[in-house]
1. So if I check each of Gly132, Gly165, which one is touching a residue at least 40 places away in the same chain (Cβ under 8 Å) and either buried (at least 17 other Cβ atoms within 10 Å of the Cβ) or within 21 Å of Gly187 (Cα to Cα) (or both)?
2. Quick one: which residue in Ser139, Ser122 is in contact with a Phe, Trp or Tyr (Cβ under 8 Å, 6 or more places away or on another chain), among the polar types (S, T, N, Q) and in a helix (DSSP H, G or I)?
3. Is there a residue being touching a Cys at 6+ places or on another chain (Cβ under 8 Å), at pLDDT 95 or above and under 16 Å from Thr42 (Cα atoms) anywhere in the range 74-97?
4. What number goes with the only condition from (1) buried (at least 17 other Cβ atoms within 10 Å of the Cβ); (2) assigned to a helix (DSSP H, G or I); (3) of a type in the set (A, V, I, L, M, F, W, C) that Leu78 does not pass?
5. Considering every residue within the range 99-107, establish whether at least one is surrounded by 13 or more Cβ atoms within 10 Å (Cβ to Cβ), in a helix (DSSP H, G or I) and among the hydroxyl-bearing types (Ser, Thr, Tyr).
6. Tell me whether the range 27-39 contains one or more residues that are outside any helix (DSSP H, G or I), surrounded by fewer than 19 Cβ atoms within 10 Å (Cβ to Cβ) and at negative phi.
7. Give me the residue from the range 22-63 that is touching a Phe, Trp or Tyr at 6+ places or on another chain (Cβ under 7 Å) and among the hydroxyl-bearing types (Ser, Thr, Tyr) and, out of that set, nearest to Thr81 (Cα to Cα).
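The values are calculated or read from the model by the stated rules, or taken from the named source; none is laboratory data. Remember, predicted model here, so these are calculated numbers, not experimental data. In this analysis, Cβ positions are derived from the backbone assuming ideal geometry, glycine residues included, and neighbour counts consider all displayed protein chains.
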Amino acid sequence: MATTFEQMRANVGKLLRGIDRYNPENLSTLERYVDTQARENTYDLEANLAVLKLYQFNPAYFQTAVTSQILLKALTNLPHTDFTLCKCMIDQTHQQEERPIRQILYLGNLLETCHFQSFWASLEENRELIDGITGFEDSVRKFICHVVGITYQNIEHRLLAEMLGDPLDTQVKVWMNKYGWTENEDGQIFIHSQEESVKPKNIVEKIDFESVSSIMATSQ
């Protein structure tokens with residue numbers, strides 16, 4: 001599978017060089033490539049942006065399903081700004097009138113504003129959106145752990161489970177082990193000491209005698 005994807009990536013890379021990247025006849029190839037990314041849990045932002053650009057230039061070719069896949073794949077790469085880049089290339093009419101796109105934009109807003117519990121609740125009501133997007137939920141959990149890691153020193157086990165969309169408590173231990181977090185007897189999970197991430201910096205100013213003497217001479 002990996003070899004197949006790398007071959008597709010190389011072929012698409014050739015398509016995207018020069019003026020050919022704006023040829024709508026290449027859309028079918030690029031759309032298949034987007035679907036491959038979704039199924040095989042791989043990612044190519046440049047190719048996906050090229051698809052959205054072709055949709056901008058050729059509105060009649062617009063595909064809601066492909067655009068939805070591109071947006072969902074962009075969400076898997078948070079905290080990078082891919083989702084915002086993709087969103088800006090989609091016409092407002094499609095954002096407002098195409099239900100799947102509207103729902104994905106709402107999910108993206110919940111993630112970007114760290115309303116994680118609301119995100120999982122909304123996703124549960126719209127699970128058909130992520131059909132065929134391999135690894136989507138784990139990618140989101142990785143982003144949530146990133147946010148937790150830079151925000152908390154300690155967090156309640158229950159709260160972390162809610163943030164990870166894990167009401168049955170089957171995922172928390174997995175992600176704790178992945179990031180080296182530990183739990184005490186009171187159900188508090190130790191993330192890390194914020195002091196450990198504060199790196200003091202010594203600032204040394206060097207002033208030579210000539211500079212000082214010229215200043216003193218001026219002030220006299």
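1. Details: Gly132 fails: either buried (at least 17 other Cβ atoms within 10 Å of the Cβ) or within 21 Å of Gly187 (Cα to Cα) (or both).
The conditions single out Gly165.
2. On the way: Ser139 fails: in contact with a Phe, Trp or Tyr (Cβ under 8 Å, 6 or more places away or on another chain).
Step by step, each of Ser139, Ser122 is checked, and only Ser122 is in contact with a Phe, Trp or Tyr (Cβ under 8 Å, 6 or more places away or on another chain), among the polar types (S, T, N, Q) and in a helix (DSSP H, G or I).
3. yes
4. Of everything listed in (1) buried (at least 17 other Cβ atoms within 10 Å of the Cβ); (2) assigned to a helix (DSSP H, G or I); (3) of a type in the set (A, V, I, L, M, F, W, C), Leu78 misses just condition (2).
5. There is at least one residue in the range 99-107 that is surrounded by 13 or more Cβ atoms within 10 Å (Cβ to Cβ), in a helix (DSSP H, G or I) and among the hydroxyl-bearing types (Ser, Thr, Tyr).
6. Pass one, the range 27-39, residues outside any helix (DSSP H, G or I): none.
No, every residue in the range 27-39 fails to be outside any helix (DSSP H, G or I), surrounded by fewer than 19 Cβ atoms within 10 Å (Cβ to Cβ) and at negative phi.
7. If we take residues in the range 22-63 being touching a Phe, Trp or Tyr at 6+ places or on another chain (Cβ under 7 Å) and among the hydroxyl-bearing types (Ser, Thr, Tyr), then Thr42 is nearest to Thr81 (Cα to Cα).
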